[in-house]
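Chemist: Below is the structure I would like to discuss, written out as structure tokens.
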Amino acid sequence: MEKLAPGRFLIHPWSEDGDGNYKFHLNVRVINDSGEPESLDLQIEWDDPEYMECRDYVLLGKGEQWEFCQARLSGTISTVQLTIPPGEWFIALHPVYDLESFQKDCQHAVSIGLEDKVIGVSQGGRNIIALSCGMQEAPAIFVVSRLHPYETAGSWCVSEILNLLCDEAHSSGPLVSKFRFVVVPMPNPDGVASGCCKLSQRGGTDLCHEGAAPGDMAGEALARLLTAVKPMAYLDLHGWMYRNHDGLSWSHDTERDALVGKLSGDPVFSKEWRGSSWAKKPDRLGDFFMRASRDHGAISFIVSPSWFGRDVSQMRHFGRAMLKAICEVVDT
Ligand SMILES: [Zn+2]
């Protein structure tokens, strides 16, 4: 970040490997301690020409409240004028969900009755935590999010999935009477802590596509858990920058069609799905989707919700509705 003048800054978003497809991580803390609203002029040098049309705004806010602020584009630079109210705020492209947010969600879930277990540690020494509920012998549904560290959509979806499971666990609801749920909301804490876009660290692992192979401690912990759980269904929640599409990859065509059918008509799912069947793709040793669907026969989905036009409460709804629909689809 460079200070150009009083109230004017130039920001260079950081990307550990320069892949423009993942370079959407903006997370800037701004503190106005003057007691009055202050204006702030920002230039953001994305240094990536390909995806600029998806970077013509920023969000200003914190927690679950974010204001959309239109930016002007010129080459690879977004320029935006903001009015910062007194206090501490964040400027982001996607509503921030950090390790502290996860800690709070985790503590809440455990206080309601979900079981927590440290399944391993990351290369950086951070605990990898799994939360679970339901009967031990019931068919298992495995949920993971945030393998790619900038993709906060997945985290907000899982935050609400944990709320759903808390409701279920608290009231012995219909889902926990049929299934066991195992959720790993934050398997890449090193990547999140260091502000990575795709990997676990600079020069590290793409946990989603490489982590199931030996070599990364967080990936190995997740792979061990997946093997122990042997899920009947696998949901991997991501997030992406495309505006008018949500991403969906799947292992089983019939269940994919049933899932899309169940979600159609819900206004939060009005975007078109983009993605493909992975059933015929060549096997990749380190890919968790392949591991879940081929080694364990799980009905598997990778879901990438788009933030554009959605707020946090809609993203929460996306996660809750997605898990419920998957439960209905696999409940045969
Ligand atoms: Zn991703």
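Chemist: How many residues does segment 80-111 contain that are more than 30 Å from Ile128 (Cβ to Cβ) and surrounded by 14 or more Cβ atoms within 10 Å (Cβ to Cβ)?
Modeler: 5
Chemist: Have a look at Arg224, Arg243 and point out the one that is surrounded by fewer than 17 Cβ atoms within 10 Å (Cβ to Cβ), part of a loop (DSSP other than H, G, I, E, B), more than 16 Å from the ligand (Cβ to nearest atom) and not polar (S, T, N, Q).
Modeler: Arg243
Chemist: Kindly list the number of the only condition in (1) hydroxyl-bearing (Ser, Thr, Tyr); (2) farther than 26 Å from Gly124 by Cα; (3) within 16 Å of the ligand (Cβ to nearest atom) that fails for Ser200.
Modeler: Failed condition: (2).
Chemist: State all residues of segment 281-304 that are surrounded by fewer than 20 Cβ atoms within 10 Å (Cβ to Cβ) and acidic (Asp, Glu); if no residue qualifies, say none.
Modeler: Hits for segment 281-304 are Asp283, Asp295.
Chemist: Something else now. What are the residue pairs meeting all of these: first residue in segment 215-240, first residue farther than 23 Å from Thr152 by Cα, second residue assigned to a helix (DSSP H, G or I) and within 16 Å of the ligand (Cβ to nearest atom), Cβ atoms under 7 Å, and 6 or more apart or on different chains?
Modeler: From segment 215-240, the pairs are Pro231/Ala292.
Chemist: Filter segment 290-300 for residues that are touching a residue at least 60 places away in the same chain (Cβ under 8 Å) and either within 15 Å of the ligand (Cβ to nearest atom) or not in a loop (DSSP other than H, G, I, E, B) (or both) and give the result.
Modeler: Residues satisfying the conditions are Met290, Arg291, Ala292, Asp295, Ile299, Ser300.
Chemist: For segment 3-28, what are the residues that are away from the ligand (no atom under 16 Å from the Cβ) and either within 14 Å of Asp47 (Cβ to Cβ) or touching a Phe, Trp or Tyr at 6+ places or on another chain (Cβ under 6 Å) (or both)?
Modeler: Once the filter is applied, which keeps residues that are away from the ligand (no atom under 16 Å from the Cβ) and either within 14 Å of Asp47 (Cβ to Cβ) or touching a Phe, Trp or Tyr at 6+ places or on another chain (Cβ under 6 Å) (or both), segment 3-28 yields Lys3, Leu10, Ile11, His12, Pro13, Trp14, Gly18, Leu26.
Chemist: Are there any pairs, at least 6 apart or on different chains, whose C-beta atoms fall under 8 Å, with the first in segment 266-288 and without any contact (Cβ under 8 Å) to a residue 24 or more places away in the chain and the second not in a strand (DSSP E or B), and if so, which?
Modeler: Close Cβ pairs (under 8 Å, with a partner that is not in a strand (DSSP E or B)) amount to Lys281/Met290; Asp283/Met290; Asp283/Arg294.
Chemist: Val58 versus (1) surrounded by 15 or more Cβ atoms within 10 Å (Cβ to Cβ); (2) farther than 16 Å from Ala92 by Cα; (3) more than 16 Å from the ligand (Cβ to nearest atom); (4) not aromatic (Phe, Trp, Tyr): which is the lone unmet condition?
Modeler: For Val58, the exception is condition (2).
Chemist: Need the failing condition index for Val303 against (1) of a type in the set (Val, Ile, Thr); (2) in contact (Cβ under 8 Å) with a residue 12 or more places away in the chain; (3) assigned to a helix (DSSP H, G or I), just the number.
Modeler: (3)
Chemist: For segment 271-280, enumerate the residues that are surrounded by 11 or more Cβ atoms within 10 Å (Cβ to Cβ) and over 15 Å from Gly247 (Cβ atoms).
Modeler: Matches in segment 271-280: Ala279 only.
Chemist: Would a scan of segment 143-163 turn up a residue that is over 27 Å from Gly63 (Cα atoms) and surrounded by fewer than 24 Cβ atoms within 10 Å (Cβ to Cβ)?
Modeler: Checked against the condition, which is being over 27 Å from Gly63 (Cα atoms) and surrounded by fewer than 24 Cβ atoms within 10 Å (Cβ to Cβ), segment 143-163 yields no hits at all.
Chemist: Being modelled with pLDDT of 95 or more and closer than 26 Å to Gly134 by Cα narrows it down to one residue among Ala193, Ala221; which is it?
Modeler: Every option except Ala221 fails the conditions.
Chemist: Residue by residue through segment 193-218, note down the ones that are closer than 29 Å to Lys324 by Cβ and either assigned to a loop (DSSP other than H, G, I, E, B) or in contact with a Phe, Trp or Tyr (Cβ under 9 Å, 6 or more places away or on another chain) (or both).
Modeler: Matches in segment 193-218: Leu207, Cys208, His209, Gly211, Ala212.
The values are calculated or read from the model by the stated rules, or taken from the named source; none is laboratory data. Just so it is clear, the model here is predicted, and its values are computed rather than measured. Note that each Cβ is placed from the backbone with ideal geometry, even for glycine, and that neighbours are counted across all protein chains shown.
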